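Peer 1: A single structure is presented below for examination.
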Amino acid sequence: MIKKYPLLALSAIVFPFLFCSAQTAGSIDTLLTPEIGGIKQAIEIKTDDARKPVLLFLSGGPGSSMMNNAGAFTNLLKSRFTLVQWDQRDAGKTLKLNPSPTQPSVKQMENDTYQVIRFLQQELHQEKIYLLGSSWGNVLGFSIVQQHPEVLHAYFAVNPVVSQLASETALLSTLKDYFKENKEASSELAAVNIPFSNDMDLFYLRKWLFYKEGNKKAASEEFKKFFLQWSKTWSPVWNEVMHIDLPQTLKQVDCPVYFFVGKNDIQTSTPITQAYYQLLKAPKKDLFLFENSGHQIHKDEPEKFQQTILSIVK
């Protein structure tokens, strides 16, 4: 899915001169803002020893950031890794620095991801990294697995986007059944078209998904305004995501892949991920089921989440 651009080779040469190189040993706690994909993008690096292997997190969303709350799900990981959080274009600290001058697209953000990895290789003097994608972040992560496995020690796929059209279809069916006695929910869910024909289709799905999961504010006008503002930037991207079908396009990979799935996740269907895991051929692979998690494993079971990663890399 990723195309190699001449800019990438140039950026690998230019980056060391634009930014002071990190020490090869010693602690780092810094926020860097290199130029990635034509704009400044925020990359946070934290470690007590820069020789430790890099673990780069790819946030969900799209449009979300894991940076501010990272301490809650990385306090154990810091013993083993140089931890890197990156705010993608039009998200978090990167959005505050500069909005994307163009409408974001999957291909553009896949290219951003590879440039971020190249920057980290140069900055931290490491040939390979560990990569972790959360939800939407797996769209970007699996593109690296497919196109650039040589830069990865291993990939952690956390509640991954695998076949989102099938996931959204299954989600709609689940919500219709769950809310069959709720007239408002039944009416709005009955209006949903899959594939989505407009932003309200995805809004109704997320409204009642979040409501089912206990977020009663999802039924408020405030949430609707927030969602429709988000959709101005991100619904075109999510419509691209709806065409991703990894069981058809990525049946074999050349780096270790480890799947983390929440037993109660209905946003990215756990059965769909389990079936893909069985299909996928990889040098090493494993699947870990988190019994007490939904779609946010790193929040629902942060200690088990970290201990599982540590057990894999020890």
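Peer 1: What does the charge count around Y204 come to, taking other residues whose C-beta lies under 12 Å from its C-beta (Lys +1, Arg +1, Asp -1, Glu -1)?
Peer 2: Around Y204, the charge tally is -1.
Peer 1: Which of rounded, prolate or oblate describes the range 25-133 when judged by the alpha-carbon gyration tensor and an a/c cut-off of 1.5?
Peer 2: Working: a/c = 1.90, a/b = 1.55, b/c = 1.23.
Judged from the Cα gyration tensor, the range 25-133 comes out prolate (a/c at least 1.5, a/b above b/c).
Peer 1: Here's something else I'd like to know. Stretch N193-K107 to full length: gain in nm at 0.36 nm per residue minus the Cα-Cα span? Write out the running numbers ahead of the final one.
Peer 2: Details: separation 86, 0.36 × 86 = 30.96 nm, distance 2.54 nm.
So the extension gain works out to 28.4 nm.
Peer 1: Now a separate question. How about the range 142-246: which GluC sites (Glu not before Pro) there lie in a loop by DSSP and see at most 12 other Cβ atoms within 10 Å? Mind dumping the intermediate values first?
Peer 2: Working: sites: E150, E168, E181, E184, E188, E213, E221, E222, E240; in loops: E181, E213.
When the GluC sites (Glu not before Pro) of the range 142-246 are filtered for loop state and at most 12 Cβ neighbours within 10 Å, E181 remain.
Peer 1: Something else about it: What is the chain's relative contact order, in percent, from Cα pairs under 8 angstrom and six or more apart in sequence? Don't skip to the answer; put the middle values down first.
Peer 2: Details: 561 pairs, mean separation 53.4, N = 314.
Normalised by residue count, the contact order of the chain is 17 percent.
Peer 1: On to the next question. Per-residue ellipticity at 222 nm for the chain, helices alone: DSSP H runs ≥ 4 residues times -39500 (n - 2.57), over residue total, nearest 500 deg cm²/dmol? If you can, show how the numbers build up before the last one.
Peer 2: Details: 13 runs with 141 residues, N = 314.
Result for the chain, helices only: -13500 deg cm²/dmol.
Peer 1: Could you order the peptides 120-126, 108-114, 281-287 from most to least packed, using the average number of other C-beta atoms within 10 Å per residue?
Peer 2: Highest mean packing first, the order is 108-114, 120-126, 281-287.
Peer 1: Oh, and also: Using a Cα-Cα cut-off of under 24 Å, which lysines could be cross-linked to K314, ignoring same-chain neighbours fewer than 8 residues away?
Peer 2: Cross-link targets: K46, K52, K78, K128, K281, K284, K285, K299, K304.
Peer 1: So I have (i) 15.4; (ii) 20.6; (iii) 17.9, and one of them is mean projected area of the Cα convex hull in nm² calculated from this model. Which one is it?
Peer 2: Structure-derived value, by its label: (i).
Peer 1: Can you give me the distance in nm between label points at E213 and L279, each placed 7 Å from the Cα along the Cα-to-Cβ direction?
Peer 2: 2.4
Values quoted throughout were computed directly from the atomic coordinates according to the rules given, and no laboratory measurement underlies them. None of these values were measured; they are calculated from a predicted model. Don't worry about glycine lacking a Cβ; one is built from the backbone with ideal geometry, like all the others, and counts go over all protein chains shown.
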